[in-house]
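See below for the structure under consideration.
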Amino acid sequence: RGMPASGTLVTINGMQTATNSFASGRETDLGLAATGNIDRIEVTKVPTPDMPANAVGGGINLITKSGFNRKNPLFSYNVYGTLNTLDGLRGPGPIFGKTAGPDQQANVQRINPSINLSYLLPVNRSVALAFSLSKSNRSSDWDVRRPIWDRVNLRLISNSMNALPVGEAKLLAATTLDWKLNDRHLLSLNFSHSNQEIFTRQNTVTWTFGANAIGGP
């Protein structure tokens, strides 16, 4: 609704989270949330009287999984992969190979496997456990071209090519212990861990046309 990310309040089970942004602000990156441990998401588009004053852009409340949501134990898994390539789909060999980077250390896999694991365990009527683990990798292959033109004399002054491979690896884990004191009171202990590693390589080749000050041949 036109408000910046810093104006949207992000909470987990109603409790406000600290910022996990690299910048000095109040933004919260949902990509670093333990997504495998989320049961549902509540979105409030406008601030309500029970919300803090900094929620001018509304709120997002992440509800974590609970073993009390099940009568019997449940183990679920999800295996998938991401494909990203500038070379196109040209057969199984190139798809399952690596994209050639500017050097050997910058060669990235076109297909990266990922997995999500979740286990809900209702121990008894009073105690329940929930575990989740997710690991995902993703790579991007960028090729940035930047020609610079002299629009008065209509000639190309310089041209640059930047090979930019980017790799990203995420590891998210969470566990929850719920203790139901009675029908109306529940004590919950939640622990979550998020780790994100990103690497990038930039190798730029630049051509400059014209060897003297006036830009002659």
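With the checklist (1) in contact with a helix residue (DSSP H, G or I) (Cβ under 7 Å, 6 or more places away or on another chain); (2) open to solvent by 70 Å² or more (accessible area, probe 1.4 Å); (3) of a type in the set (A, V, I, L, M, F, W, C) in hand, flag the one item residue 174 doesn't pass.
With respect to (1) in contact with a helix residue (DSSP H, G or I) (Cβ under 7 Å, 6 or more places away or on another chain); (2) open to solvent by 70 Å² or more (accessible area, probe 1.4 Å); (3) of a type in the set (A, V, I, L, M, F, W, C), residue 174 is out only on (2).
If you take the residues in the range 67-84 that are modelled with pLDDT under 90 and out of contact with any Pro (no Cβ under 8 Å at 6 or more places or on another chain), which one is nearest to residue 178 (Cα to Cα)?
69
If we keep just the residues of the range 15-35 that are within 21 Å of residue 187 (Cα to Cα) and touching a strand residue (DSSP E or B) at 6+ places or on another chain (Cβ under 6 Å), which is modelled with the lowest pLDDT? Quick ask: steps written out before the conclusion?
Taking the range 15-35 first, the residues within 21 Å of residue 187 (Cα to Cα) are 15-17, 34.
If we keep only those that are touching a strand residue (DSSP E or B) at 6+ places or on another chain (Cβ under 6 Å) as well, we get 17, 34.
Numbers: 17: 77, 34: 72.
Step by step, filter the range 15-35, then rank; the result is 34.
How many residues, within the range 85-111, are open to solvent by 70 Å² or more (accessible area, probe 1.4 Å) and either modelled with pLDDT of 75 or more or of a type in the set (Phe, Trp, Tyr) (or both)? Outline the logic, then answer.
Residues of the range 85-111 open to solvent by 70 Å² or more (accessible area, probe 1.4 Å): 86, 89-90, 92, 96, 98, 100, 104-105, 109.
With either modelled with pLDDT of 75 or more or of a type in the set (Phe, Trp, Tyr) (or both) added as a condition, the list becomes 96, 98, 104, 109.
Looking only at that region, the number is 4.
Provide a single number: the residues in the range 127-152 that are modelled with pLDDT of 90 or more, open to solvent by 50 Å² or more (accessible area, probe 1.4 Å) and either under 20 Å from residue 81 (Cβ atoms) or among the small types (Gly, Ala, Ser) (or both).
Qualifying residue count, the range 127-152: 2.
Just to be sure, is residue 117 open to solvent by 80 Å² or more (accessible area, probe 1.4 Å) and under 30 Å from residue 15 (Cβ atoms)? So that I can check it myself, show each step before the final result.
Details: open to solvent by 80 Å² or more (accessible area, probe 1.4 Å): no; under 30 Å from residue 15 (Cβ atoms): yes.
For residue 117, the condition - open to solvent by 80 Å² or more (accessible area, probe 1.4 Å) and under 30 Å from residue 15 (Cβ atoms) - is not met.
Which one of these is β-branched (Val, Ile, Thr) and more than 18 Å from residue 137 (Cβ to Cβ): 99, 48, 82? Break it down stepwise before answering.
Numbers: 99 fails: more than 18 Å from residue 137 (Cβ to Cβ); 82 fails: more than 18 Å from residue 137 (Cβ to Cβ).
Being β-branched (Val, Ile, Thr) and more than 18 Å from residue 137 (Cβ to Cβ) holds for just one of 99, 48, 82, which is 48.
Which members of the range 198-210 meet the condition of being within 14 Å of residue 140 (Cα to Cα) and either in a strand (DSSP E or B) or open to solvent by less than 90 Å² (accessible area, probe 1.4 Å) (or both)? Don't jump to the end; show me each part of the working.
Keep residues of the range 198-210 that are within 14 Å of residue 140 (Cα to Cα), which gives 198-202.
Those that are within 14 Å of residue 140 (Cα to Cα) and either in a strand (DSSP E or B) or open to solvent by less than 90 Å² (accessible area, probe 1.4 Å) (or both): 198, 199, 200, 201.
The values are calculated or read from the model by the stated rules, or taken from the named source; none is laboratory data. All values derive from a computational prediction rather than experimental measurement. Here the Cβ is made from the backbone with ideal geometry for all residues, glycine too, and neighbour counts use every protein chain on show. In case anyone asks, the SASA skips ligands and DNA or RNA and just uses the protein heavy atoms, side chains included. Shrake-Rupley method; radii C 1.70, N 1.55, O 1.52, S 1.80 Å.
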